[in-house]
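Okay, structure first, notes after.
The values are calculated or read from the model by the stated rules, or taken from the named source; none is laboratory data. Predicted model only: the values in this text are computed from it and were never measured. Backbone-built Cβ (ideal geometry, glycine too); neighbour counts: all protein chains shown. All accessible areas refer to the heavy atoms of the entire protein, side chains included, with ligands and DNA or RNA removed. Shrake-Rupley method; radii C 1.70, N 1.55, O 1.52, S 1.80 Å.
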Amino acid sequence: MTERPARRGSYHHGDLAEALVTAAFELLDEEGQAGVSVREVARRAGVSAGAPFRHFADRQALLTALADRVLADFEAWQRAAVEGDEGSALRATGLGFVRYAIRHPHRFELVRSRVFAPSRQPELERRLEGIDEAYAELIVADQESGRLRPGDPALVGLAAQALVCGLAQLIIDGYLPIEKAEVLAAQVLDTFGQGIANPR
């Protein structure tokens, strides 16, 4: 999969909205969410400062479109993680989540601010529903194969999501050493998969 959109010298024709989001993606990776401005995105795309407003009402609308692009990239990353792992799909997606977040902390920050909020933005709802459905299907498949114990897939998914999101944030914030991130993530996910309760 493409780690980063190809750099575009200037915009001449075609899909202006796509060119602007591509430029914003580059800027996000370089400077983070705070560094993404409509003016700089327009400059990088080679258009006038007012051109972006033909497609995006304001900076927040541009950031939402950018979050949708990041989610699409993340979704492809997760599919590749599952396809390349013969074990539990839940474990593979958990490791994929942590790897993506620590490799692309600015993308993680943007998605976290747009998705893990009191209410989801309507513009992202379709993408997020698709991700949620695919995630639930992976959990059910793991349960049916015997890799996971029976249980409410939504609850299992929420617990796993909370675990990997928190773990990724601890690594990004420097609380846990990034050089040990891969090993720690695998150990934590294995502990989660085994369960920590003493059987009675």
*Could you tell me which helices of the chain pass both thresholds, a Cα extent of 30 Å or more along their own axis and a mean Kyte-Doolittle hydropathy of at least -0.5, with helices taken as whole DSSP H runs?*
59-83
*Extended-chain gain in nm, criterion 0.36 nm per residue less alpha-carbon gap, E40 and S145*: 32.8 nm
*Cα convex hull of the stretch 43-151: how many Å³ per residue?*
122
_Give me the dipole magnitude in Debye, nearest 20, for the chain about the Cα centre, with unit charges on the beta carbon: positive for Lys and Arg, negative for Asp and Glu._
460
*Got a number for the accessible area of E182? Probe 1.4 Å, square angstrom, nearest 10.*
90
*Classify the stretch 88-130 as rounded, prolate or oblate from the Cα gyration tensor: take a ≥ b ≥ c as the square roots of its eigenvalues, call it rounded if a/c is under 1.5, otherwise prolate when a/b beats b/c and oblate if not.*
oblate
*Quick one: grab Rg to one decimal and Dmax as a whole number for the chain, Cα atoms only, in Å.*
18.8, 69
*Given the Cα atoms of the stretch 83-200, and with Rh set as the inverse mean 1/r over their pairs in the Kirkwood sense, what is Rg to Rh to two decimals?*
0.97
*For the chain, which span is the longest to avoid every loop-located (per DSSP) member of chymotrypsin sites (Phe, Trp or Tyr not before Pro) having at most 16 other Cβ atoms inside 10 Å?*
1-115
*Note the full-extension length gain between T191 and E123 as 0.36 nm times their separation in residues minus their Cα-Cα distance, in nm to one decimal.*
20.9 nm
